[in-house]
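Everything on this sheet refers to the single structure shown next.
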Amino acid sequence: MIDLEKAPALLRHATEALEGAFSGDGAPDPFAVRRTAAKNAFEAAGLPSTRDEAWKYTDLRPALKPDYAPAPPASATEADLAAARIDGLDAVRVVIVNGRFDAEASDLGGLPEGVTVASLAQTARQSPDALADTFGAHVRVERDAFAALNAALSLDGVYLHVPRGVAVERPIHVVNVLTADGPTFVQGRNLLVVGETAEVKVIETYVVRGDAPTFRNDLTEIVAGPASNVTHVRIQDEGDDANAVTHVQSYQERDSTVSTLTFTFAAGTVRNNSVMVPAGQGGNATIGGLYICHGAEHVDTNTLIDHVAPGCESNELFKGIIYDQGTGVFNGKVFVQREGQQTNAYQQSQGVVLSPDAHHYSKPELEIYADDVKCSHGSTTGAIEPEHIFYLRSRGVSEADARAMLLYAFAHDVVEMVPIEAVRDHLDARIAERLK
């Protein structure tokens, strides 16, 4: 059990919020029953520490030290929307401010008939049956303290439903705004439900308004129906005092394809957790990401792909560029259960360390219980090869430009996994800026 008298301020404030009213408009709390169970799970689990193998290289205590308070209701400004803009991206815009759906700032025009993009809390109050079989169905709060904390405290988020056979041609851009007049925390919750043979692309970006430390604990659930196709891209670029623990939980039915990609450019201490379950035969799961750590930034990537059905494929590629006193961590596990015959699973982690005080820790793992599979994993960490620098310099390229060219090429493999040209261009530009 957690001793709340000794707990970080975030947890004390969180518990106070849990005891109070969650619905600012006086409406009944649609998540009340789940909150109680999640609160009990969180208190029983306690906060993870570096004594836990999965958190061996990530100490959250400094990130939890500020006197965080819950993010208050607020509205997006034009400056917020401008900061989140991706040049050339023609997208449906969804705006979340301090964990709450901002209908006025959102622009939902042009959605195909039958597609729902709405407030998760409002949907739970007005159409609870829409969430009955999907919301929280695949999240194991008893195994993850921060997932439990999210289930206990999240107020709202995005509910997306794409019905059977519908292809949403325009990407859906979810803009997450967090106001930080003082140390602030927020718990965001999203649910993406995609029907049989339906298709959708979702991009999440993050904006922090203010200079105070922030802590974000987000959870996005993806439920992909048979033969559906889902792309989910996150771009974390909030600043050096932006701390986060995030979760993506994907559950796939037969012949579905899900791709979830995370790009981290500016952060404090960040832990990104992803769980993908290709649960139906013929499913295809792709997960990847890029993290660029400088200063004292710390980015920890933890992934689990659980093959529980035959004939599925997973592809995993994470890359890190770490310099100054930065730290990058990759811990990925692929399970192939007895039922997962004829699985193809590929996992790769690569890190480039550019400074003596920078660190990259990598631990790819395979755990296989089936006998008819093709699986491989690998990990490399090192510096830029001097002969590559020499080759470019011999052709008139300066040393600084040579390093930047090599690092850009290293990072671009992950960018190429994004199927939206405007987003690729945006990522390329940010990589170039960070590598100057």
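The values are calculated or read from the model by the stated rules, or taken from the named source; none is laboratory data. Fair warning: this is a prediction, and the values are worked out from it, not measured in the lab. So basically every Cβ, Gly included, is an ideal-geometry build from the backbone, and we count neighbours across all protein chains shown.
Before moving on, here are some points about what is shown:
A quick yes/no check of all residues on (1) at positive phi; (2) outside any strand (DSSP E or B); (3) of a type in the set (S, T, Y); (4) crowded, with 21+ Cβ neighbours inside 10 Å:
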| site | (1), (2), (3), (4) |
| --- | --- |
| D211 | no, yes, no, no |
| F215 | no, no, no, yes |
| E221 | no, no, no, yes |
| S250 | no, no, yes, yes |
| S259 | no, no, yes, yes |
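- Residue among V117, V186, V168 that is modelled with pLDDT of 90 or more, surrounded by fewer than 23 Cβ atoms within 10 Å (Cβ to Cβ), among the hydrophobic types (A, V, I, L, M, F, W, C) and in contact with a Pro (Cβ under 8 Å, 6 or more places away or on another chain): V168
- Out of S376, S355, S362, S349, sole residue that is over 25 Å from C293 (Cα atoms) and either in contact with an Asp or Glu (Cβ under 9 Å, 6 or more places away or on another chain) or not basic (K, R) (or both): S376
- Those residues of region 388-407 which are under 25 Å from S362 (Cα atoms) and surrounded by fewer than 15 Cβ atoms within 10 Å (Cβ to Cβ), in sequence order: H388
- Residue check, R430 under 30 Å from V200 (Cβ atoms), in contact with a Phe, Trp or Tyr (Cβ under 7 Å, 6 or more places away or on another chain) and of a type in the set (D, E, K, R): yes
- Condition met for E367 (at pLDDT below 95, over 25 Å from R430 (Cα atoms), surrounded by fewer than 17 Cβ atoms within 10 Å (Cβ to Cβ) and more than 22 Å from the chain's Cα centre (by Cα)): no
- Residue within region 254-261 that is among the acidic types (D, E) and either within 14 Å of the chain's Cα centre (by Cα) or outside the structural domain of T214 (by the TED database) (or both) present: no
- Some residue of region 224-239 being among the basic types (K, R) and within 20 Å of A167 (Cβ to Cβ): no
- Single residue of region 104-130 satisfying the filter (touching a strand residue (DSSP E or B) at 6+ places or on another chain (Cβ under 7 Å) and part of a loop (DSSP other than H, G, I, E, B)) that is farthest from A244 (Cα to Cα): G110
- Of the set (1) more than 21 Å from A54 (Cα to Cα); (2) over 15 Å from the mean Cα position of the chain (by Cα), all apply to V277 but (1).
- Inter-residue pairs, beta-carbon under 8 Å, first of a type in the set (F, W, Y) and in region 178-193, second not in a strand (DSSP E or B), 6+ apart: F185/L10; F185/H13; F185/A14; F185/Y68; F185/A71
- Some residue of region 360-371 being on the phi > 0 side of the Ramachandran plot and in contact (Cβ under 8 Å) with a residue 24 or more places away in the chain: no
- Of the residues making up region 161-170, not a single one is of a type in the set (A, V, I, L, M) and within 24 Å of A244 (Cβ to Cβ).
- Number of residues in region 62-118 that are among the basic types (K, R) and touching a His at 6+ places or on another chain (Cβ under 6 Å): the value is 1.
- Screening V202 on (1) buried (at least 24 other Cβ atoms within 10 Å of the Cβ); (2) over 20 Å from V97 (Cα atoms) shows it passes everything except condition (2).
- Candidates A148, A152 - the one that is in contact (Cβ under 8 Å) with a residue 12 or more places away in the chain, in a helix (DSSP H, G or I) and either under 25 Å from G239 (Cα atoms) or under 17 Å from the mean Cα position of the chain (by Cα) (or both): A148
- Residue satisfying all of: in region 290-328; in a loop (DSSP other than H, G, I, E, B) and of a type outside the set (G, A, S); farthest from the chain's Cα centre (by Cα) among these: P310
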